[in-house]
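Take a look at the structure set out below.
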Amino acid sequence: MNVLKVMLMGVAITACSVSAGASDWNMDLSDRLGVVPVDGGFKQEGYWVWGSSIVKGDDGKYHMYVSRWPKSLKFHPGWMVASEIVHAVSDTAVGPYAFSDVALGKRHPQYWDGCTQHNPKVFRHGDTYILFYTGSTHPFDDAVNHPDEVVLNSKYSIVGRSNKRIGVATAKSPYGPWTRMDAPVLDTKPGTFYSFLTSNPTPIINNDGSVLLIFKSRKHNDQFPYHSDMMLGVAKAPHFTGPYTVAMDEPIFSETRFGVVEDPYLWKDESGYHMLAKDMKGKIAGKHHAGIVAHSKDGLNWEIGEHPLAYTKHIKWDDGTEGEMGQLERVQGLIEDGVLTHLSFAVMDGPGGFGNGKNTWNIVVPIKPE
């Protein structure tokens, strides 16, 4: 049975439950990605845009939530200290998407997410829209007023990165208003693999509102850059607003376990949990910054897929051209009528490397039926 066939359970597809058997752990997605509309997706003049998540509303339109920050700042690390989450709308899944409003923006820096909001992941559960995201704050003047100071070894970046935490906002409409929480739902803990930061939430929301959450973490180090390489951990909660408890004392992915990955997309079917993620060093997929696929019976103990390479940075456009993107990451999925039909990615032009691109935008890639 097709791994991308999704059983609708209740009024909302929040857990992405897929009708599949154990053989679907052998899925091969790499040759099923379609051509991408040149004029589709979302871009915005004067801003870096990155990391989209899409949900379909009762209005029949597609609602994309995107991170953006001004181009007056360097792409990296500008996102750490000046990102906000905006909402864009399209009549079609592939776009183009038109800017609608700021979903989550700056608020007083006394709040945990006062200075930046990033990595949106949107879901619908019943009559509620749920936005998981990464937030951060710092006590300094607004970073956009000091663009030359926003570099990796600056106070902005060091404090902004170390204050990254995971939060949840809710709304009754994709247009908002969004209700934010005054504290993160997943904080750091001394002496653990998540002692420095928690970020990049990747949840499964079950029909009863309970959650299995995969998150990115770093461990505290005493010397610059003051943190370890990135790892992935698992947390659980009885409700999407919390409380969240980290389920395992060790990460599920790390330098010493499978390899370093980030930005996973997670779905669930009859055979268990499935993940797409960015292979940071090419250790798993055999190609630097390609996508990998992994599987788990319980969301805690993971295995690499028989066909680990899920996608690369190579894109085929609908005007007949094709080529390698400088960066391609932040994979997310879109489910329509019970089928996972599209993947969305953040992309950058140039030869590769965050410092070498001049433009970023978000694309939506159709998945070809088997």
Task: Karplus (6.51, -1.76, 1.60) ³J(HN,Hα), θ = phi - 60°, over the range 324-332, in Hz, Gly and Pro reported as x - done: 8, 7, x, 9, 8, 7, 6, 4, 9
TODO: Per residue of the range 92-107, in order, report the coupling 6.51 cos²θ - 1.76 cosθ + 1.60 (Karplus, θ = phi - 60°) as ³J(HN,Hα) in whole Hz, putting x for Gly and Pro.
DONE: 10, 5, 7, x, x, 9, 9, 4, 10, 6, 8, 6, 10, x, 4, 9
TODO: Of the DSSP beta bridges with both residues in the chain, give the percent that are antiparallel, rounding to the nearest 5.
DONE: 95
Task: Distance in nm between pseudo-label sites at Lys155 and Trp317 (7 Å out along the Cβ direction from Cα) - done: 4.4
- [ ] Take the cross-link list Lys71/Lys219; Lys106/Lys164; Lys121/Lys278; Lys106/Lys358 and give me the ones stretching past 23 Å between alpha-carbons.
- [x] Lys71/Lys219; Lys106/Lys358
Open item on the list: Using the Karplus curve 6.51 cos²θ - 1.76 cosθ + 1.60 with θ = phi - 60°, what ³J(HN,Hα) values do you get for each residue of the range 145-161, in whole Hz, with x for Gly and Pro?
Closed with: 7, 9, x, 6, 8, 8, 10, 4, 9, 7, 4, 4, 6, 5, 6, x, 5
Task: Residues whose placed amide H lies under 5 Å from that of Met248, excluding near-sequence neighbours - done: Val234
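Roll a 1.4 angstrom probe over the protein heavy atoms and tell me the percent of accessible area of the range 47-366 that is carbon or sulfur. Each step should come with its number before you reach the end.
Values: 5970 of 11840 Å².
Carbon and sulfur atoms account for 50 percent of the accessible area of the range 47-366.
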Open item on the list: Under 5 Å between amide hydrogens, which residues at least 5 positions from Val261 or on another chain qualify, with H placed 1.01 Å from N in the peptide plane?
Closed with: Met280
- [ ] Enumerate the aspartates and glutamates that Lys216 could reach by cross-link, defined here as Cα to Cα under 15 Å, with residues fewer than 8 away along the same chain left out.
- [x] Asp187, Asp229, Asp249, Glu250, Glu255, Glu262, Asp263, Asp279, Glu329
Open item on the list: For semi-axes √(5λ) of the Cα gyration tensor in Å, pick the label among [x] 28, 24, 22; [y] 39, 23, 20; [z] 31, 26, 21 that corresponds to the value derived from the coordinates.
Closed with: [x]
Open item on the list: Quick check: Cα centre of the range 257-296 to Cα centre of the range 93-114, how many Å?
Closed with: 27
TODO: Percent of Cα-Cα pairs per 10 Å bin, from 0 to the last occupied bin, for the range 185-291, please list those.
DONE: 15, 44, 32, 8, 0
TODO: Can you tell me how much longer the chain between Glu303 and Asp148 gets when fully stretched, taken as 0.36 nm per residue apart minus their C-alpha distance, in nm with one decimal?
DONE: 51.4 nm
TODO: Find how much the distance from Lys281 to Arg107 grows on full extension, using 0.36 nm per residue of separation minus their present alpha carbon separation; answer in nm with one decimal.
DONE: 59.0 nm
Open item on the list: Viscosity 0.692 mPa s, temperature 37 °C: give me the Stokes-Einstein translational D for the range 112-180 in µm²/s, with Rh taken as the Kirkwood radius over C-alpha pairs.
Closed with: 247
- [ ] Place a label point 7 angstrom from the Cα of Asn207 along the Cα-to-Cβ direction, then list the residues of the range 317-359 whose backbone nitrogen is under 19 Å away.
- [x] 335-340
Task: Accessible area of the range 47-366 divided out per residue, in Å², using a probe of 1.4 angstrom - done: 37
TODO: Per DSSP H run of at least 4 residues, take -39500 (n - 2.57); add these up for the chain, divide by its residues and hand me the 222 nm value, nearest 500 deg cm²/dmol.
DONE: -1000 deg cm²/dmol
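What's the extension gain from Thr92 to Asp58 if we count 0.36 nm per residue and subtract their Cα-Cα distance? Please list the in-between numbers first.
Working: separation 34, 0.36 × 34 = 12.24 nm, distance 1.39 nm.
Contour length minus Cα-Cα distance gives 10.9 nm.
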Open item on the list: Rounded to the nearest angstrom and ordered from largest down, what semi-axes does the equivalent ellipsoid of the range 131-220 get from its C-alpha gyration tensor (root of 5λ)?
Closed with: 27, 19, 9
- [ ] Starting from the Cα of Asn26, step 7 Å along the direction of its Cβ; do the same at Val339; then give the gap between the two resulting points in nm.
- [x] 2.3
- [ ] Along each of the three principal axes of the Cα atoms of the range 31-77, give the extent in whole Å, ordering the values from largest to smallest.
- [x] 35, 32, 18
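The values are calculated or read from the model by the stated rules, or taken from the named source; none is laboratory data. The shown structure was predicted, so the numbers you read here are calculated from the model rather than taken from an experiment. A quick note on method: Cβ atoms are made from the backbone with ideal geometry, for glycine too, and the neighbour counts reach across all protein chains shown. For the accessible areas, the whole protein counts, side chains as well, though only heavy atoms, and no ligand, DNA or RNA atoms are used. Shrake-Rupley method; radii C 1.70, N 1.55, O 1.52, S 1.80 Å.
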